[in-house]
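Working notes for the structure below.
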Amino acid sequence: MPVLRRLIATTAAVALMHAGLVHAAPQGLISAEQVAAAQTASAGATSPGHAALYAQLDRAEVAQALRERGVSPEAARERVAALTDAEALQVAQQIDQAPAGGDVLGVIVFIFVLLLITDILGFTKVFPFTRSVR
């Protein structure tokens with residue numbers, strides 16, 4: 001019986017860790033003509049999203065951070081140019097809405113769940129309301 005509980009707890013822990021990695025699959029294939037049209041449209045892209053992303057790339061601290069991570073600012077500009085108007089606008093909106101320090105609440109919830117699982121598996125004893133499977 002303890003082996004079954006441990007197996008279920010381990011399976012649940014692995015499933016929770018991988019829950020954030022699930023992505024929707026594309027609905028269908030696109031034709032070569034659609035790809036070519038998107039590339040020619042993005043070659044001279046001056047949409048509001050592209051303009052906002054280029055403005056971010058022009059900042060000295062952003063260029064320095066890119067270099068520290070091994071990405072040249074020119075390569076980043078090429079990647080921005082490859083985005084469609086909708087994608088560029090979405091990325092620009094995400095940058096505007098992102099909190100300066102990151103998602104603190106998500107980190108706190110992750111740590112709580114991690115400690116809860118390790119308590120249940122008997123590796124730690126942090127919470128008094130859990131019982132170890134050991």
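What to note about this one:
- Among the candidates GLU74, GLU87, residue that is under 15 Å from ALA38 (Cβ atoms), out of contact with any Gly (no Cβ under 6 Å at 6 or more places or on another chain) and in a helix (DSSP H, G or I): GLU87
Conditions tested, residue by residue: (1) within 30 Å of THR118 (Cβ to Cβ); (2) of a type in the set (Lys, Arg); (3) at pLDDT below 85.
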{"position": "MET17", "(1), (2), (3)": "yes, no, yes"}
{"position": "GLN34", "(1), (2), (3)": "no, no, yes"}
{"position": "GLU68", "(1), (2), (3)": "no, no, no"}
{"position": "ARG79", "(1), (2), (3)": "no, yes, yes"}
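- The selection criterion, being at pLDDT 80 or above and either exposed (fewer than 15 other Cβ atoms within 10 Å of the Cβ) or in the same structural domain as ARG77 (by TED's automatic domain parsing) (or both), holds for ALA92.
The values are calculated or read from the model by the stated rules, or taken from the named source; none is laboratory data. If you're wondering where the values come from, they're calculated on a predicted model, not measured in any experiment. Every residue, glycine among them, receives a Cβ derived from its backbone with ideal geometry; neighbour counts consider all protein chains shown.
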